[in-house]
Structure formats: C-alpha cells, structure tokens
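Working notes, beginning with the structure itself.
The numbers here are math on the coordinates, done by the rules we state, and not lab data. For clarity, every value in this text was computed on a predicted model and none was experimentally measured. Note that we place each Cβ from the backbone using ideal geometry, even for glycine, and neighbour counts take in every protein chain shown.
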C-alpha cells in the first residue's frame, strides 16, 4: 500500500517524545510512512509548566492555546508542538485536562475526519475517543501498568478501554499480547536503523572501552556499573543518550551524577548522537553494554539490541526482562551480578570476529524497512 490510505486523511501519530532527537520507534515509522506517500502529522509529547523555567513562556503559551503551526520537517511529514499544564500520566485530573488539549489538536489536524490516529501511551486514548470519524490505533511498546505501578489499576482500565474501542492494536513483542487479552493484536517488533548499516564493520579497537548507547533513566543501574568498573580497572565507559530521570528534565539523576563524579575520567556522558556519528561511537567500543534493572518488569522489545547488532560488537546485558535471551542478536552475553558482568566483558573481548558478522546479518534481516509492510497493514487495515 502507498499514497493515501482508505480514509483519505492524514496519519496522525501522538508521540510520547519530542521530534528531536528522532531516535524512537514512532520516529522511524513516521519517516517510513512519509516516504511511502502518506501525509503524516507527528504530534509531539507536550511541554508542561516546567518549560517556563527555561524562559520559553511565549512559545509554551502559543502551544497551550493551540496556535502553534505544524512545521514540515521532511516532505510529507509535519511536526506539531504541544503544551499542557501537567503530564497526563500524573493522575486522573492531569489525564482529563491533557486529553481535552490533545483532542483539540487532533480535530485541528483533521477537521473533516478521515484520519488514522495512533496513540503510543494509554493516557492519550481518551483524546482519541473524543474525536469522531477517525480510525483509532494503539501502538504499544511497553506495559505501562508495570512501568508505573502507582497508577497500575487506572492504566489497566485504560488498556481494557483500548481493547474495546481500538480499530487496531499493535504490540512490539509477543509478551505484550497479555496486556490486551480480549482481542487480537498485531506484533510488529522494533528494527535496526538503516543509517547504522551504511558503514562496514571494523575490528574492535582493543582499548578496553565499554559503550552504553540509549536513554539513561532509573533503569540504568549505576551502582552495578561502578562495581563492574571496580573489577575491571583498565576499562572505561562512554555513555551516549538522553537523560530521562523523573523530575530532572534532561539532566542526570543522582545515581548517574554519583557515577560520573566518583570515577572521574573513566566515565563520560556525551549526550545524543544520531546516524553515522552514532555508528562511529559504537565502533569505538570493545564491548557494548546494557546494565539495566528490572525496572517495572518491562515486557517490550529493546531498540538498543537492534542498534547494537547493526555494528556487530559483542553485547553484555543484565537479565532486565524475562526472555531477554530471545530479544537480541546471536551470542548475547548475560549477567546478573557485578562479578558475572565483569567476567562476561572479558569473555566478549576474546570472542572470534565471526560473531560480529552473525550479529550484523541478523540486523540486516531486521530493519525498520523490513517491518514496514506489517505495520502499514496493521495501521490502515488490510
């Protein structure tokens, strides 16, 4: 399928992130949709009142009042910035207020209806339910009731509502089927970015370098990392990614700050890289690491595993979810303790280069482009 879909209106993706940096699932799929001829509006996650601290009062008010324009960032792909008072996941009042603002934005994007609207978090769903004459889709990358146990009952109720009302439900891992037990779902996993597959593989640099590339939050086990580096005194760690600690905006949380300060030159945080710069950063590693806690018992797939596989380097990961050994490329090293993690790093450094070739081949079979037909059919219907 290409060009306009059956409804004739745009594809509207309600994201859980801003457009920049474009590093998440919905960014990749929005780009592919636009490249396939669909008109796409990417509605950003709203900036809340904390944005006022940065001095952006005028821009925030423009977004809050619905006067912000859609900005074309690629042919056929426009981005709509948005604002709210309090993020919708903070409680029932915040959810209701934000749903009203999001519903207004949806009606503005498709005043004549006919759109296909995709929600990516359950608290967005009440907004979709308020808009008529649209196809409603839920694209689920996490079991939010586990990620936010304090709101577990309310979020499970939203999952049930989605089960009853959605025209289609998509999950990114088989384990998430249980989140919507009363209805059929489509499984469309994460994928490797084609920009990470442009450059050929290179031999590991042999400089005792670990790299973690991806979002940094409470799931990142900084105390474990400190204990691992204590056992590997010749190694250093380079961190690439956006900080998303609760209440910290894009600043490091207390644990990460402690790690950065306690180990000095052995740990660096570089922020976000994209495309071939991101590939080069991973190529500078001897081992790529995923030192995650079982925070919220996450059941979705990991985009990080796909990104890592594209560059072929060995990967050492904690068992951050059940069945983690089935989520990544071949020859994944798993560890639960600092001792096991350090031993796995040393084993990975000595592995044969053929393992890198196998990981690369796995990534090439599992690109976002390979996922597109399945996602497009689930979104728009057969």
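Tabulated data
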{"item": "Gain upon complete extension [residue 284, residue 174; 0.36 nm per residue less C-alpha separation]", "result": "36.3 nm"}
{"item": "Rounded, prolate or oblate (a/c below 1.5 giving rounded, otherwise prolate when a/b exceeds b/c) for the range 194-365 by Cα gyration tensor", "result": "rounded"}
{"item": "Relative contact order, percent, the chain [alpha-carbon distance under 8 Å, six or more residues apart]", "result": "15"}
{"item": "The range 219-378, relative contact order [Cα under 8 Å, separation at least 6], %", "result": "22"}
{"item": "Helix 354-365 axis, angle to the chain major axis (alpha carbon atoms, nearest 10°)", "result": "10"}
{"item": "Rounded tilt (10° steps) of 92-109 against the dominant C-alpha axis of the chain", "result": "70"}
{"item": "For the range 254-318: relative contact order, % (alpha-carbon pairs under 8 angstrom, 6 or more apart)", "result": "37"}
{"item": "Ranked by how many other beta carbons lie within 10 Å on average, peptides 265-271, 222-228 from highest", "result": "222-228, 265-271"}
{"item": "Share, in percent, of DSSP beta bridges within the range 194-365 that are antiparallel, nearest 5", "result": "5"}
{"item": "Extension gain (nm, one decimal) between residue 93 and residue 339, 0.36 nm per residue minus Cα-Cα", "result": "83.9 nm"}
{"item": "Spatial separation of Cα centroids for the range 257-285 and the range 60-74, in angstrom", "result": "33"}
{"item": "Coordinate range along principal axes, alpha carbons of the range 68-109, Å, largest first", "result": "38, 17, 14"}
{"item": "Most mobile of 157, 18, 168 in a GNM of the chain (Cα contacts under 10 Å)", "result": "157"}
{"item": "Computed [θ] at 222 nm, deg cm²/dmol, the chain (DSSP H ≥ 4; -39,500 (n - 2.57); rounded to nearest 500)", "result": "-10500 deg cm²/dmol"}
{"item": "Residues listed by number, the range 84-107, amide nitrogen under 14 Å from residue 132 label point at 7 Å toward C-beta", "result": "107"}
{"item": "Prolate/oblate/rounded call for the range 131-194, Cα gyration tensor, a/c under 1.5 rounded", "result": "oblate"}
{"item": "Helix 222-231 axis, angle to the chain major axis (alpha carbon atoms, nearest 10°)", "result": "20"}
{"item": "Zone residues, the range 146-185, relative to residue 322, backbone N less than 11 Å from point 7 Å out along Cα-to-Cβ", "result": "175-176, 178"}
{"item": "Spherically averaged projected area in nm², based on the convex hull that wraps the Cα atoms of the chain", "result": "18.0"}
